[in-house]
1. Using the number of other C-beta atoms within 10 angstrom as an exposure proxy, rank Lys30, Lys40 with the fewest first.
2. Order these by the 10 Å Cβ neighbour count, fewest first: Arg87, Arg99.
3. If packing is taken as the average count of other Cβ atoms within 10 Å, what order do 114-120, 2-8 fall into, highest mean first?
4. Could you tell me how many degrees, from 0 to 90 and to the nearest 10, lie between the Cα long axis of helix 40-69 and the main elongation axis, the longest principal axis, of the Cα atoms of the chain?
5. Of the residues Val84, Val23, Val32, which exhibits the maximal mean-square fluctuation in a Gaussian network model of the chain defined by a 10 Å Cα contact cut-off?
6. For the chain, with a Gaussian network of springs between Cα atoms less than 10 Å apart, report the residue from Met65, Met46, Met17 with the top mean-square fluctuation.
7. Given the -39500 (n - 2.57) contribution per DSSP H run of 4+ residues, what per-residue ellipticity at 222 nm results for the chain, rounded to the nearest 500 deg cm²/dmol?
8. Go through segment 24-30 residue by residue and turn each phi into a ³J(HN,Hα) via Karplus (6.51, -1.76, 1.60, θ = phi - 60°); whole Hz please, and just put x for glycine and proline.
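Please treat every number below as a calculation from the coordinates, not as lab data. Predicted model only: the values in this text are computed from it and were never measured. Please note: Cβ atoms are built from the backbone with ideal geometry, for glycine as well, and neighbour counts cover all protein chains shown.
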Amino acid sequence: MALITPIYAAPIVLLFMFLSVRVIRYRRSKLVAFGDQGDKDLLRLMRAQGNCAEYAPIGLFLLLMAELTAPAPLGLHIAGTLLVIGRITHGIGLGHYPRIIMARVVGITCTFTSYLICLALALF
């Protein structure tokens with residue numbers, strides 16, 4: 001039974017919901033139903049949300065895979081913490097105007113490090 005993965009899934013789901021609500025609110029305020037209609041602010045918000053949707057599920061899947069195949073609590077907590085920090089930091093860097101490049105770098109570095117830790121835990 002997976003007991004550790006849900007601890008890290010919860011803040012990631014809340015982050016995704018936050019990023020989604022920002023897009024929804026912006027769309028409603030600008031009356032944009034589809035696409036970005038050339039609105040760079042909307043595109044920035046959409047990419048922050050989309051990036052979370054692209055990377056977070058893979059990280060959570062890897063964390064769950066590692067937890068189910070090689071229960072190493074400390075390693076799982078390190079990987080989960082890095083994944084959450086990475087997704088939050090990247091979301092801040094990408095969703096902020098002007099973009100905070102260092103936050104994006106830290107975010108993707110934490111995310112990829114989490115991926116690698118989970119792979120190592122699952123395989124070795």
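1. On the way: Lys30 13, Lys40 9.
So the ranking, lowest neighbour count to highest, is Lys40, Lys30.
2. Ascending Cβ contact count within 10 Å gives the list Arg99, Arg87.
3. Going by the mean number of other Cβ atoms within 10 Å, highest first, we get 114-120, 2-8.
4. For helix 40-69, the angle is close to 10 degrees.
5. Val32
6. Met17
7. Rounded to the nearest 500, the figure is -29000 deg cm²/dmol.
8. 3J(HN,Hα) across segment 24-30, in whole Hz: 4, 4, 5, 4, 5, 5, 9.
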